[in-house]
Structure formats: structure tokens, C-alpha cells
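For reference, the structure is listed below as C-alpha cells.
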């Protein structure tokens, strides 16, 4: 059995928004659309959807996840964690080690530069995670505690700019 991890970087932030603190910065319109497109893409791809999502508590990360789940019509268990806001790669690895054993497919929603550092640390190479980018990594381990840097395989990396012509359009029921 293997563990599957999806790293989802939050959508583009609205740097013109009047906020007192970076934690409260919202998504831009492009960030909202990209989050919706990526959520739909993940659902439509036929790839395994996450059973559990651990999301940063930052407004832009929570909004990215909410928009993606609604657009893709997927509903995993969600945990919000302050530990993902401003976390470094070693801190995220510690969080990964504490994931519940029953979950085999987990998504983490967070920030740069940590997401790029994680992909590089797990798989090597030169990777930069764009806003609203998703990367899936597989690990040939049966326990989250066994995951370490250098053990991952990058299965795919999706950048929203390649999917923008397929704009999300809210489905009518």
C-alpha cells in the first residue's frame, strides 16, 4: 500500500484588499476562478480524490479549498490548521507524520515557498508551485510516519494557467 499526498497552493491573493494582517488577505478574482477550475479538474480527472484535507487557516487558503470543493463537488473531511500558515518544510513533514493511518489520500492546502520546497525535498529537481497549483506525490510506504524527504515520486503537477480556457461555470440544477 502507498500513501498519496496532494499539495494545493492557495489561489492568487488580492494585494489591493484593505487588510490589517497577511493572514486575512483574500483571493483575487483570478485566484477564485483558478481555485474553481482546479477543483473541477481534480474531480473530472478520474484520479483519487482526497479523503482528508488539512488546510491553512489563512483566509485565501480556506477560500481556495472551499471554492475548489464546491466546483468539483467533492467533500472530504477537512481540518484547519494554524500549523500550515508560515510553516517550513520540516514543520509540514512533522504534520504529515501525524496524519491518521486510515487516510491513504490526503491533500494539504498551503503556501509558498514551503510547497515548492516540499516537492523538491520529496522528489528532487527544480519545481516551483504556482498559485492554485496542485502536485500529487506518491510514497511507497504504508504509514505516514515513514514518509521522509527523498522518498516521493511526483506523479503530476497541474498549473492553472493551462486550464484557464476551461473556465468554471456554476452548474445549474
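Mean-square fluctuations from a GNM of the chain, with a 10 angstrom spring cutoff on Cα atoms, peak among 109, 119, 19 at 19.
Calculated mean residue ellipticity at 222 nm for the chain: -9000 deg cm²/dmol, from DSSP H runs with n ≥ 4 weighted as -39500 (n - 2.57), summed, divided by the residue count and rounded to 500. Legend: ranking of residues 69, 1 from fewest to most surrounding C-beta atoms inside 10 Å; resulting order 1, 69. Axis of helix 59-72 versus longest Cα principal axis of the chain: the two differ by about 90°, to the nearest ten degrees.
Between 149, 122, 162, the Gaussian network model of the chain with springs among Cα atoms under 10 angstrom shows the greatest mean-square fluctuation at 162. Using a Gaussian network model of the chain in which every pair of alpha carbons under 10 angstrom is joined by a spring, one finds that among 79, 147, 96 the greatest mean-square fluctuation is at 79.
Take every DSSP beta bridge whose two residues both sit in the chain; close to 45 percent of them are antiparallel.
With a/c under 1.5 counting as rounded, go ahead and sort segment 36-83 into rounded, prolate or oblate using the C-alpha gyration tensor (a ≥ b ≥ c being the square roots of the eigenvalues; past the cut-off, prolate if a/b is larger than b/c, else oblate). Because a/c hits 1.5 or more and a/b fails to exceed b/c, segment 36-83 counts as oblate. Taking Cα atoms only, the orientation of helix 114-123 departs from the longest principal axis of the chain by about 40 degrees.
Take every Cα pair under 8 Å whose residues are at least 6 apart in sequence, average their separation, divide by the length of the chain, and the relative contact order is 31 percent.
When the Cα gyration tensor is reduced to axis lengths a ≥ b ≥ c, the ratio a/c is 1.5 or higher for segment 1-99, and with a/b not above b/c it is classed as oblate.
Helix 29-44 and the longest principal axis of the Cα set of the chain meet at an angle near 50°. Taking all Cα pairs closer than 8 Å and separated by 6 or more residues, the relative contact order of segment 1-87 comes to 31 percent.
Read the figures in this text as sums done on the coordinates, not as results from a lab. Since we're looking at a predicted model, the values are computed, not measured. Note that we place each Cβ from the backbone using ideal geometry, even for glycine, and neighbour counts take in every protein chain shown.
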